[in-house]
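Only one structure is covered here, and it is reproduced in the block below.
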Amino acid sequence: MRKITSLFIIPSLLSFCGCSVSGQPMQVDEDNASVRDVFAMDTYMYLKAYGDSAEKALDIAVKRILTLDRTFSVKNTNSDTWSINHAEGKAVKVSEDTINLLKTAQEIGSKTNGALDVTSYPLLKAWGFTMDTQQIPDSKTLRAASELVDFRKISLDNDSVCIPNGMQVDFGSLAKGYTSDQVVGILRESGVKSALVNLGGNVHAVGTKPDGTLWKVGVQDPFFPSEQICVLEISDLAVITSGNYERCFTGEDGKEYWHIIDPKDGYPADNGLVSVTIVGESGLFCDALSTALFVLGTEKAIEYWHSEENFEMILVTDDAKLYYTEGLKASIDVSDKYNAEVVFYD
Ligand code: ADP
Ligand code: MG
């Protein structure tokens, strides 16, 4: 199984020194940024912040990341996710963070007619995406797993959650986006004016670079992962990508299968898109949408964008077409390899 990050920072800003797994203090890179690297949520995370308050703010941010990792982990027996999944139909008390995730999951789930469904975990297990080995499940296994999937059956109270016995949730589609919102919130509250957070390819910027210029964020080419399809110039925004090249395997039938599942048929979503990048203010919404619009496919993703227009997006289709929404016109520089088409406002 491959897991590679989908976004990278340009140019060589990620030349960290003194790496650690738990975010030890006083790591400074060549341009005097304070940096941390953390392994959490099954991915590598890099935080980079400038200014006098950066060191302290990053320490708080790393603690918060590790707490959220413990809270959302589907495998940690002390997590909220574990409690929800093993409650056997009873209501369980969970943290405010989990309630926040579930509320957004319900909202985007409803708006996308179930393309995002955080109860897809039984399907992910059937394909082995939660384990080291994957396989194409037989139709009986897939049918049984599909019957357990329906986010509409999640009931939320102020601080408790109840799902039917057998149903299981997983927050892989939106937990990193929520976490980047939290990290960026901590940095801002601590007085940091310039920072860039990269949570396994989910990028979120605080302000601009210290010299006032915009951050440059490259979006990975789904066909040639060492290259970029475009570079975005941003400040104070999240840039979040879902791609079919992230966690995938070749089945016995020689076909590629990936970790974003279409809850409608239980198969990896194959609706014409190979990558979806969402740009917006909230990491949580961008993350939820990147997964949901990947499932919906090109036409419906564009329809969805027209109905909301409070985010921007870049779509790459399986026949190597690139679409980006009008709001990105001033900030995008597309690689010469692609003939980009702009999706205009109505
Ligand atoms: P990544 O984790 O690579 O950043 P995504 O944000 O697109 O990518 O999330 C993919 C993850 O979401 C999968 O690994 C799985 O845990 C979960 N997932 C897969 N399909 C769905 C779906 N249709 N709805 C909700 N969650 C999903
Ligand atoms: Mg997502």
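Please identify every one of the GluC sites (Glu not before Pro) in the range 186-249 that sits in a loop by DSSP and has no more than 13 other beta carbons within 10 Å of its own beta carbon. All intermediate terms of the calculation are to be shown ahead of the outcome.
On the way: sites: E189, E227, E233, E246; in loops: E227, E246.
Here the GluC sites (Glu not before Pro) that fit, given the DSSP loop and packing criteria, are E227.
In this structure, the amide hydrogen of C248, modeled 1.01 Å from its nitrogen in the peptide plane, lies closer than 5 angstrom to those of R2, counting only residues at least 5 positions away or on a different chain.
Given Q220, V183, V239, which one lies farthest toward the positive end of the charge dipole of the range 178-250, if we put +1 on the Cβ of every Lys and Arg and -1 on the Cβ of every Asp and Glu? The residue sitting most towards the positive pole is V183.
Cross-link check: pairs K75/K264; K48/K111; K103/K264; K125/K264 evaluated at a Cα-Cα cut-off of 28 Å; pairs beyond the cut-off: K48/K111.
Test of the criteria: in the range 291-346, which trypsin sites (Lys or Arg not before Pro) are in a DSSP loop and have at most 16 other Cβ atoms within 10 angstrom of their Cβ?
Of the trypsin sites (Lys or Arg not before Pro), the ones in loops of the range 291-346 whose Cβ has at most 16 other Cβ atoms within 10 Å are K321, K329, K337.
Put C248, C162 in order of accessible area, largest first, 1.4 Å probe: what do you get? Don't jump to the answer; show the numbers that get you there.
Numbers: C248 10, C162 35 Å².
Of C248, C162, the descending order of accessible area is C162, C248.
Farthest towards the positive end of the charge dipole of the range 288-346, among the residues F311, G297, V334, is the Cα of V334, using unit charges on the Cβ of Lys, Arg, Asp and Glu.
With the helix formula -39500 (n - 2.57) applied to DSSP H stretches of n ≥ 4, the chain reaches a computed 222 nm mean residue ellipticity of -8500 deg cm²/dmol.
Annotation: amide H of M313 within the under-5 Å range of V279, T325, sequence separation 5 or more or interchain, hydrogens built in the peptide plane. When a 1.4 Å probe is rolled over the protein heavy atoms, the share of accessible surface on the range 232-274 that falls to carbon and sulfur comes to 43 percent.
Normalised by residue count, the chain yields a Cα convex hull volume of 132 Å³ per residue. Placing +1 on each Lys and Arg Cβ and -1 on each Asp and Glu Cβ, with no other charges, gives the chain a dipole about its Cα centre of roughly 840 debye.
Relative to the Cα centre, the charge distribution of the range 63-133, modelled as +1 at Lys and Arg Cβ and -1 at Asp and Glu Cβ, gives a dipole magnitude of about 140 debye. For E55 and E281, a Förster radius of 25 Å and the Cβ-Cβ distance give a FRET efficiency of 0.45, rounded to the nearest 0.05.
Among L322, L196, L156, the largest mean-square fluctuation in a Gaussian network model of the chain, built with springs joining Cα atoms closer than 10 Å, belongs to L156. Overall, the accessible surface of the range 47-117 at a probe of 1.4 angstrom is composed of carbon and sulfur to the extent of 48 percent.
The Cα center of the range 49-97 and the Cα center of the range 150-199 differ in position by 9 Å.
For the range 60-189, with only Lys/Arg (+1) and Asp/Glu (-1) charged at the beta-carbon, what is the dipole magnitude about the Cα centre, in debye rounded to 20? Can you show the working numbers first?
On the way: 15 positive and 16 negative charges, 17 e Å.
The dipole of the range 60-189 has a size of about 80 debye.
A simple rule links phi to the HN-Hα coupling: the Karplus curve 6.51 cos²θ - 1.76 cosθ + 1.60 with θ = phi - 60°, which for the range 280-297 gives x, 7, 9, x, 4, 5, 4, 5, 4, 6, 4, 6, 4, 6, 4, 5, 5, x Hz, with x for Gly and Pro. Of the peptides 89-95, 278-284, the order by per-residue mean of other Cβ atoms within 10 Å, starting with the highest, comes out as 278-284, 89-95. How much accessible area does T112 have with a 1.4 Å probe, in Å² rounded to the nearest 10? For T112, solvent-accessible area is about 10 Å². T71 sits among other residues whose Cβ lies under 12 Å from its own Cβ, and their net charge, with Lys and Arg +1 and Asp and Glu -1, is -2. Per-residue accessible area for Y121 at 1.4 Å probe radius, Å² rounded to 10? In the full protein context, Y121 sits at about 20 Å².
Could you report the range 128-218's accessible area per residue, 1.4 Å probe, as an integer in Å²?
Details: 3850 Å² over 91 residues.
Each residue of the range 128-218 exposes 42 Å² on average to a 1.4 Å probe.
D132 sits with roughly 140 Å² accessible to a 1.4 Å probe, with DNA, RNA and ligands left out of the calculation. Per-residue Karplus couplings for the range 298-305, computed as 6.51 cos²θ - 1.76 cosθ + 1.60 with θ equal to phi - 60°, are listed in order as 3, 4, 5, 5, 5, 4, 4, 4 Hz, Gly and Pro entered as x.
Rank these by accessible area, largest first, 1.4 Å probe: Y267, Y338. Kindly include the intermediate steps, with their values, before the conclusion.
Values: Y267 90, Y338 25 Å².
From most exposed to least exposed: Y267, Y338.
Residue-wise HN-Hα couplings along the range 52-65, as the Karplus relation 6.51 cos²θ - 1.76 cosθ + 1.60 with θ = phi - 60° gives them from phi, are 5, 8, 4, 4, 5, 4, 5, 4, 5, 4, 5, 4, 5, 4 Hz; Gly and Pro carry x.
Look at the dipole of the range 104-227 built from charges on Cβ: of L196, Q106, P210, the Cα furthest out on the positive end belongs to P210. Of the GluC sites (Glu not before Pro) in the range 84-123, the ones in a loop by DSSP (not H, G, I, E or B) with at most 11 other beta carbons within 10 Å are E88. A simple spin-label model places pseudo-atoms 7 Å from Cα toward Cβ; at S335 and D159 they are separated by 4.9 nm.
The values are calculated or read from the model by the stated rules, or taken from the named source; none is laboratory data. It should be emphasised that the depicted structure is a prediction, and the values quoted were computed from it without experimental measurement. For neighbour counting, all protein chains shown are included, and Cβ atoms are generated from backbone atoms with ideal geometry for every residue, glycine included. Heavy atoms of the whole protein, side chains included, go into the accessibility calculation; ligands, DNA and RNA do not. Shrake-Rupley method; radii C 1.70, N 1.55, O 1.52, S 1.80 Å.
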